[in-house]
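Here is the structure we will look at.
The values are calculated or read from the model by the stated rules, or taken from the named source; none is laboratory data. Just so you know, these numbers come straight off a predicted model, no measurement behind them. Glycine also receives a Cβ, built like all others from the backbone with ideal geometry; neighbour counts cover every protein chain displayed.
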Amino acid sequence: MKVRDIITTEVETCGPETTIEEVAADFMANAQVRRLPIVEDHRIVGIVALGDVAVKEDDPEEYEVALEEISKEDKS
């Protein structure tokens, strides 16, 4: 089996100017992802992880809430 056989091709991304709040609330929670590629000019320039967001928020409770939202089962 090759990686191409199991990859996700419809990937959520955001740009480097996206705020931490947007990343946590909009992108990560809605897409239920813990890592988000950052894309600029059609190139990946980095990856932001839920842990990165938690460190920047400096609020363990915020991290816990974000993790709960991301981990919820999608019932659609």
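Taken over region 57-66, the criterion of being in a helix (DSSP H, G or I), at pLDDT below 65 and exposed (fewer than 15 other Cβ atoms within 10 Å of the Cβ) is satisfied by Pro60 alone.
For every residue, the table says whether it meets (1) part of a helix (DSSP H, G or I); (2) surrounded by fewer than 11 Cβ atoms within 10 Å (Cβ to Cβ); (3) modelled with pLDDT of 80 or more.
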| position | (1), (2), (3) |
| --- | --- |
| Pro16 | no, yes, yes |
| Ala25 | yes, no, no |
| Leu36 | no, no, yes |
| Gly46 | no, no, yes |
| Glu68 | yes, yes, no |
| Ser76 | no, yes, no |
